[in-house]
Amino acid sequence: MMLTQIRALLPALRVHSWGGFGSQLFTAYIILKVQNRYPGRRIKVVVHTSGVTRRFSEFNFEQLGAKMIQVEDYRNLKVQSYSRVDSFRQNFSSSKSLKKNVSQALNWLRVIQFANSDASFNSIMPWTLGLRGHYTQISLNTKLIHCLYLILFDKISLLANRNHQLIVHYRLGDLLELQEKSPIKPNRIEELLLIGGYDNTRSMVLSDSSEREYRNFVSGYTTLSSLKLENLEPLHSLWLCINSEHFIGTGTKLSLWAAIFRDLINNSPSFLPVELDWIKTFCRQVNWY
């Protein structure tokens, strides 16, 4: 009790979050782990809009008892003038060494801590003031996963039924335009569909792309082209992925979370691309394609 009261007097631990809904779920999970280890520690979530595309908060971190602020740090370099970009590069270059030294010192003192693995998470100290990272390679605690699941789906009656034989979660969206990333090739999923022999009338594709974009992308693949397409908000999509009889995910953290919940909540297997196999130590019931 005394330790809990002392922790409540410490400055809030600032947990930084980047990325979309799937990434934010990893942030939520790391918060639950911190709260489990340091009961009473105040937490403030800093949601960054920066990234390849502009991001915003899609998870209500206040449900975890944490305060939340959103930092508008997204910059679209394509619309900036050359002089502004050039100025940015010069300023960045001149301060890069100083920032690196300060960052290393704070990390060595564990004031600012990266928490991307069990080793780095276990290095969090009572005086740690900031957590940064992707938080993805930390072991999964079944009790905390159940807790996160209940927080996400506390209004379960408002969500659609689960009467689907197969859900394919196909992340496309900005991946259709980015050079550094690309979507999973349709032939890889088409092969799974042909092997599985699923009932097309009870199967569905969930995507973040429009009907036209999706149909153009899978043109020439008979089974994929025949499936109904839905574009739903992330929480609803996640619910359907978790509760379908069969699930095929693609290279996105939302697909990954669907597989995690299917494994630890429903004891159900999933299909995920080998690009995500870094999670295989913690997510056992996955067939990799």
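The values are calculated or read from the model by the stated rules, or taken from the named source; none is laboratory data. Computed from a predicted model, the values in this text were never measured in an experiment. As a convention, Cβ positions derive from the backbone with ideal geometry for all residues, glycine included, and neighbour counts pool all protein chains shown.
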* Asked: Just to be sure, is Ser203 among the small types (Gly, Ala, Ser) and crowded, with 19+ Cβ neighbours inside 10 Å?
  -> yes
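Mind listing whichever residues of the range 221-261 are basic (Lys, Arg) and surrounded by fewer than 21 Cβ atoms within 10 Å (Cβ to Cβ)? Reasoning before the result, please.
Our first condition is that a residue be basic (Lys, Arg); within the range 221-261, this holds for 228, 253.
Answer for the range 221-261, where residues must be basic (Lys, Arg) and surrounded by fewer than 21 Cβ atoms within 10 Å (Cβ to Cβ): just Lys228.
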* Residue within the range 7-15 that is within 18 Å of the chain's Cα centre (by Cα), at negative phi and at pLDDT 95 or above present -> yes
* Asked: What is the one condition in (1) within 21 Å of Leu172 (Cα to Cα); (2) under 22 Å from the mean Cα position of the chain (by Cα) that Phe217 does not satisfy?
  -> (2)
* Structure fact -> Selection from the range 171-193 of residues exposed (fewer than 13 other Cβ atoms within 10 Å of the Cβ) and either touching a residue at least 40 places away in the same chain (Cβ under 8 Å) or over 12 Å from Thr250 (Cα atoms) (or both) yields Glu177, Leu178, Gln179, Glu180, Lys181, Asn187
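Take the conditions out of contact with any Pro (no Cβ under 8 Å at 6 or more places or on another chain) and assigned to a loop (DSSP other than H, G, I, E, B) and apply them to Arg212. Does it pass?
Numbers: out of contact with any Pro (no Cβ under 8 Å at 6 or more places or on another chain): yes; assigned to a loop (DSSP other than H, G, I, E, B): no.
No; evaluated as a whole, the condition is false for this residue.
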* To do: State yes or no: is Leu176 in contact with a strand residue (DSSP E or B) (Cβ under 6 Å, 6 or more places away or on another chain) and at pLDDT below 95?
  => no
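Quick one: in the range 262-288, which of the residues that are among the polar types (S, T, N, Q) and touching a helix residue (DSSP H, G or I) at 6+ places or on another chain (Cβ under 7 Å) is surrounded by the fewest Cβ atoms within 10 Å (Cβ to Cβ)? First the steps, then the outcome.
Step one: list which residues in the range 262-288 are among the polar types (S, T, N, Q), which gives 266-268, 270, 281, 285, 287.
With touching a helix residue (DSSP H, G or I) at 6+ places or on another chain (Cβ under 7 Å) added as a condition, the list becomes 266, 268, 270, 285.
On the way: Asn266: 16, Ser268: 18, Ser270: 27, Gln285: 14.
Among residues in the range 262-288 that are among the polar types (S, T, N, Q) and touching a helix residue (DSSP H, G or I) at 6+ places or on another chain (Cβ under 7 Å), the one surrounded by the fewest Cβ atoms within 10 Å (Cβ to Cβ) is Gln285.
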